[in-house]
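Engineer: What follows is a single structure, and I will ask about it in a moment.
The values are calculated or read from the model by the stated rules, or taken from the named source; none is laboratory data. Predicted, not measured: the structure shown is a model, and the values here were computed from it. Glycine also receives a Cβ, built like all others from the backbone with ideal geometry; neighbour counts cover every protein chain displayed. Please note that ligands, DNA and RNA were not included when accessible areas were found on the heavy atoms of the full protein model with its side chains. Shrake-Rupley method; radii C 1.70, N 1.55, O 1.52, S 1.80 Å.
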Amino acid sequence: MKEYSWDGRLDELDFDELSRLYRIAPLGNKSPEELAMVFGNSMFRCFVRDGATLVGAGRALADGGDCAYIADVAVHPDHQGRGLGSEIIRRLLSLADGYKKVVLYAKPGTEAFYGELGFLRMSTAMAVWNDPRRAVQVGLLEGP
């Protein structure tokens, strides 16, 4: 694997660059301000750089011991297929070691990828979304 640098620090993170990464990954349009808030409120973070360029990111919300939630894992398309996404997940799981449960939700069709990392489908998970109709349309929620 190519040599990448890894860290979880926010102090030198360019949130404009992070926003561009999410658009190109593609994981949607997330403003730099929104990303600064959600990453700042996350207990665990993982950033991957190729030289000075941000090519991967992920975060986990956590309560200190019971539950952690992995979110916003993104890898630049030019760097996908090299194991970076898997390594981001492994590092976040390592940071949450000892938690009773680690939860994530993902795009439909990615279940096998996360299954290889030890995740199992939950049979009791439910959610409330601010736009449930769209979430049903893209397959993230089941309709009533």
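Engineer: Only residues that are out of contact with any Cys (no Cβ under 8 Å at 6 or more places or on another chain), free of Cβ contacts under 8 Å to residues at least 40 places away in the same chain, closer than 28 Å to V136 by Cβ and not in a loop (DSSP other than H, G, I, E, B): list them for the stretch 60-106, please.
Structural biologist: L61, C67, A68, Y69, I70, A71, V73, G85, I89, L104 - these are the residues of the stretch 60-106 that are out of contact with any Cys (no Cβ under 8 Å at 6 or more places or on another chain), free of Cβ contacts under 8 Å to residues at least 40 places away in the same chain, closer than 28 Å to V136 by Cβ and not in a loop (DSSP other than H, G, I, E, B).
Engineer: Output the qualifying pairs, or none if there are none: Cβ atoms under 8 angstrom, residues six or more apart or on different chains, first residue in the stretch 1-16 and closer than 21 Å to Q80 by Cα, second residue assigned to a loop (DSSP other than H, G, I, E, B) and open to solvent by less than 70 Å² (accessible area, probe 1.4 Å).
Structural biologist: M1/G83
Engineer: Just to verify a result, which residue in the stretch 108-124, among those that are at pLDDT 90 or above and open to solvent by 100 Å² or more (accessible area, probe 1.4 Å), is nearest to R90 (Cα to Cα)?
Structural biologist: The qualifying residue nearest to R90 (Cα to Cα) is E116.
Engineer: What is the residue count in the stretch 3-32 for residues that are open to solvent by 50 Å² or more (accessible area, probe 1.4 Å), polar (S, T, N, Q) and not in a loop (DSSP other than H, G, I, E, B)? Write out each step before concluding.
Structural biologist: Taking the stretch 3-32 as the starting set, the residues that turn out to be open to solvent by 50 Å² or more (accessible area, probe 1.4 Å) are 3, 5-6, 9, 11-12, 14, 16, 20, 23-24, 26-27, 29.
Pick out the ones that are also polar (S, T, N, Q) and you get 5, 29.
Those still in the list that are not in a loop (DSSP other than H, G, I, E, B) too: 5.
Count: 1.
Engineer: Taking the condition open to solvent by 50 Å² or more (accessible area, probe 1.4 Å) and within 17 Å of A57 (Cβ to Cβ), does L104 pass?
Structural biologist: For L104, the condition - open to solvent by 50 Å² or more (accessible area, probe 1.4 Å) and within 17 Å of A57 (Cβ to Cβ) - is not met.
Engineer: Could you say whether any residue in the stretch 80-98 is open to solvent by 40 Å² or more (accessible area, probe 1.4 Å), under 21 Å from E116 (Cβ atoms), within 13 Å of the chain's Cα centre (by Cα) and among the basic types (K, R)?
Structural biologist: The initial filter retains those residues of the stretch 80-98 that are open to solvent by 40 Å² or more (accessible area, probe 1.4 Å), namely 80-82, 87, 90-91, 93-95, 97-98.
Now narrow it down to the ones that are under 21 Å from E116 (Cβ atoms): 80-82, 87, 90-91, 93-95, 97.
If we keep only those that are within 13 Å of the chain's Cα centre (by Cα) too, we end up with 87, 90-91, 93.
In the following step, the residues that additionally are among the basic types (K, R) were identified as 90-91.
Scanning the stretch 80-98 turns up at least one residue that is open to solvent by 40 Å² or more (accessible area, probe 1.4 Å), under 21 Å from E116 (Cβ atoms), within 13 Å of the chain's Cα centre (by Cα) and among the basic types (K, R).
Engineer: Would you check if there is a residue in the stretch 125-143 being open to solvent by less than 90 Å² (accessible area, probe 1.4 Å), among the small types (G, A, S) and touching a Phe, Trp or Tyr at 6+ places or on another chain (Cβ under 6 Å)? Steps first, please.
Structural biologist: If we filter the stretch 125-143 for residues that are open to solvent by less than 90 Å² (accessible area, probe 1.4 Å), which is where we start, we get 125, 127, 129, 131-132, 135-136, 138-141, 143.
Now restrict to residues that are among the small types (G, A, S): 125, 127, 135, 139, 143.
Adding the requirement that they be touching a Phe, Trp or Tyr at 6+ places or on another chain (Cβ under 6 Å) leaves 135.
Yes - at least one qualifying residue is present in the stretch 125-143.
Engineer: If you take the residues in the stretch 33-58 that are among the hydrophobic types (A, V, I, L, M, F, W, C) and closer than 16 Å to I89 by Cβ, which one is surrounded by the most Cβ atoms within 10 Å (Cβ to Cβ)?
Structural biologist: Once the filter is applied, the top-ranked residue is A57.
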